[in-house]
1. Show me, for segment 49-57, the HN-Hα J-couplings you get by feeding each phi into the Karplus relation (A = 6.51, B = -1.76, C = 1.60, θ = phi - 60°), rounded to Hz, glycine and proline as x.
2. What accessible area per residue comes out for segment 48-127, rounded to a whole number of Å², with a 1.4 Å probe?
3. Could you compute the net charge surrounding G78? Neighbours are other residues with a C-beta less than 15 Å from the C-beta of G78; K and R count +1, D and E count -1.
4. Working from Cα positions, state the angle (0 to 90°, nearest 10) between the long axis of helix 104-126 and the longest principal axis of the chain.
5. Apply the Karplus curve 6.51 cos²θ - 1.76 cosθ + 1.60, θ = phi - 60°, to the phi angles in segment 79-87 and return the couplings in whole Hz, x for Gly and Pro.
Amino acid sequence: RAHRFLNWLPAVAWAAMILSLSGEGGSSVRTERWIVQLLNPGPEALFYINYSVRKGGHVVAYAILAALNLRAIRSAPGAVALALLVAIADESHQAGFATRTAALADIGFDFCGASLGAMLFRVRNSE
């Protein structure tokens, strides 16, 4: 039993981290601030950089989540489905904040990331 719990702990912790960013702390304004501090781009470049960082973040975060889920349950479809449930909860939570917007497209990015993460985990562990 302890072994099962330990297998799930990283996935649950990662999902909690993702959900914690769906509030004010993960707003576009916050990522724009650190991009401006690091790169000081013009307004148009800032938009595209921010968009790329945020959507890339979705893909990476959910790839990691699916890999951690897969480590715990050993089912790629199940791991992706669990990640998708977190994505839906994440977007639903965002809808409650003035500085956030829920977007179906983000769930698409999350699904792509989760699928990629599950695939890479399988490839890495099949060798």
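The values are calculated or read from the model by the stated rules, or taken from the named source; none is laboratory data. Just so you know, these numbers come straight off a predicted model, no measurement behind them. In this analysis, Cβ positions are derived from the backbone assuming ideal geometry, glycine residues included, and neighbour counts consider all displayed protein chains. Ligands, DNA and RNA are excluded from the accessible area calculation, which covers all protein heavy atoms including side chains. Shrake-Rupley method; radii C 1.70, N 1.55, O 1.52, S 1.80 Å.
1. 5, 4, 4, 5, 5, 5, 6, x, x
2. On the way: 4230 Å² over 80 residues.
Here the residues of segment 48-127 average 53 Å² of exposed surface.
3. So the surrounding residues net to +4.
4. 40 degrees
5. 5, 5, 4, 5, 5, 5, 4, 5, 4
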